[in-house]
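Below: one structure, written as structure tokens.
The values are calculated or read from the model by the stated rules, or taken from the named source; none is laboratory data. Being a predicted model, the structure only gives us computed values, none of them experimental. We place every Cβ from the backbone using ideal geometry, glycine too, and count neighbours over all the protein chains shown.
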Amino acid sequence: MDFILTEQQKALQKKAREFAIREVLPVAQKYDESEEFPLDVIKKAWEENLLNLGIPKEYGGPGYSLLDACIVVEEISSACPGIATSVFDNNLGAEPIVIGGNEEQKQRILTELVKKFKLIAFATSEPAMGSDVASMKCHAEKDGDEYILNGNKFWITNGGYADYITVFATIDPEKKHKGIAAFIVDTKSEGVRLGKHIPKLGQRSSNTVSVGLKDVRIPKENILAKPGRGFVLAMQTFAHTRPAIGAFAVGCARSAMEYSIDYAQKREAFGRPIGNYQVIQEKIANMYKDIEAARLLTYKAAWEADQGMDNNLSSSIAKAFASDVAMNVTTEAIQIFGGYGYLRTYPVEKLFRDAKLYQIYEGTSEIQRIVISRFVMKRYEHAMPYLGKKRG
Ligand SMILES: Cc1cc2nc3c(=O)[nH]c(=O)nc-3n(C[C@H](O)[C@H](O)[C@H](O)COP(=O)(O)OP(=O)(O)OC[C@H]3O[C@@H](n4cnc5c(N)ncnc54)[C@H](O)[C@@H]3O)c2cc1C
């Protein structure tokens, strides 16, 4: 077992950190206030090969492992969680193609994403459904070799600027997960309507829109997963992208901790820096230990995916744990800043607003706990003898 980053990973971390400090941090507050989409920053990330992190080398991508991608997004998120979400969204949108696309689709779409500055979004959620993916209503009707899509998707990150969206839709809502298929939708297709940006509590620079689909014809070559396979593809995608949410949360919490250390050493109360008081020291110690634990769980979940292992459980653990750490650390950071923490003068209130999203998107914290408890209650093998007779 080895907990040390390789020389390449250290170099990648340095590159991502320099990008975050140079291109992201100076504009983080501006984009948060204006709620504009930072297209210029996203384009620079593409120019520096930091946009399509998971696209394999054979399709022109950097071919980074998921662990490498987590190292990159922790750095970008520590400068601005909203911009990090938008930068990583190409990974989320492309992952169903990486996992489930045929060779022609990979050559065509993945190569294009790398060569040209193109955005790809991901859409399972709908206005009346987020957690319960199997109950989606967006309808896919077969018409010869093609499909016709009708319905509405909601909360679609980067959707307003996307060139493509991987859309999940059902041939029959009654069939639940067995009816779900997946499609590559070109947003220029007739019948696609990209909604206006939806204002948010935090991560305001990431674009969030509804997507309307009215008689959108999907050519044969853009069918990504047949009915029944789409649900599995969505779940496999989440297992590969949830560790990155863990890394976002770690980056966000790390910055809140760093600002807290700084402030605690400078702010004086009762004649001494507040960092001299044990209650404040304890808060900072807890921040550091929780961030360290969240990062290790994130790395483990990413590493398992990179080994080709089933990381469904570890990715849920990492996402749930790291999201809670980000929420707790940013809350405590505001406390350390006192009244100033509550003002927009200092960056901790933004990180606090940004952190909340980690407990919601890509499966809420409750859903992650359902995944974990299902394993613990049904499949976990006890090490010690059972109390009485083993059930089942
Ligand atoms: C800013 C933002 C960006 C997003 N980006 C995307 C995107 O790009 N693509 C996309 O497809 N989706 C996206 N989403 C949608 C996101 O994945 C959903 O919001 C999320 O999965 C929760 O779904 P919901 O909002 O419908 O809540 P619901 O599913 O309605 O849940 C409401 C509450 O009930 C709880 N709950 C639900 N079921 C259970 C249960 N069985 N047991 C216990 N508690 C339960 C939930 O945890 C939650 O607390 C985004 C959301 C946001 C806010």
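Overview of values
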quantity	calculated
All positions within the stretch 335-359 that are buried (at least 23 other Cβ atoms within 10 Å of the Cβ) and of a type in the set (Phe, Trp, Tyr)	337, 352, 358
Count of the stretch 156-172 residues which are part of a strand (DSSP E or B) and either within 10 Å of the ligand (Cβ to nearest atom) or modelled with pLDDT under 95 (or both)	6
Test: residue in the stretch 358-365 that is within 30 Å of residue 99 (Cα to Cα) and in contact with a strand residue (DSSP E or B) (Cβ under 8 Å, 6 or more places away or on another chain)	yes
Filtered residues of the stretch 195-223 (kept if in a strand (DSSP E or B) and within 21 Å of the chain's Cα centre (by Cα))	208, 209, 210, 211
Looking only at the stretch 141-155, and only at residues there that are touching an Asp or Glu at 6+ places or on another chain (Cβ under 9 Å) and of a type outside the set (Phe, Trp, Tyr), the one that is nearest to the ligand (Cβ to nearest atom)	153
Sole exception among (1) surrounded by fewer than 22 Cβ atoms within 10 Å (Cβ to Cβ); (2) within 28 Å of residue 42 (Cα to Cα) for residue 179, by number	(2)
Every residue from the stretch 364-392 that is more than 10 Å from the ligand (Cβ to nearest atom), under 28 Å from the mean Cα position of the chain (by Cα) and in a loop (DSSP other than H, G, I, E, B)	379, 380
Top-ranked residue in the stretch 113-126 [being in a helix (DSSP H, G or I) and under 21 Å from residue 244 (Cβ atoms); ranked as nearest to the ligand (Cβ to nearest atom)]	113
Subset tally (residues that are more than 26 Å from residue 357 (Cα to Cα) and of a type outside the set (D, E, K, R)) for the stretch 247-287	14
The stretch 293-317: number of residues that are outside any helix (DSSP H, G or I), out of contact with any His (no Cβ under 9 Å at 6 or more places or on another chain) and touching a residue at least 40 places away in the same chain (Cβ under 8 Å)	1
Criterion violated by residue 77 - all others in (1) within 15 Å of the chain's Cα centre (by Cα); (2) within 13 Å of the ligand (Cβ to nearest atom) satisfied	(2)
Residue match in the stretch 270-284 (condition: outside the structural domain of residue 70 (by TED's automatic domain parsing), in contact (Cβ under 8 Å) with a residue 60 or more places away in the chain and either within 25 Å of residue 371 (Cα to Cα) or assigned to a helix (DSSP H, G or I) (or both))	yes
Lone qualifier among 361, 346 - being within 16 Å of the ligand (Cβ to nearest atom), at negative phi and not in a helix (DSSP H, G or I)	361
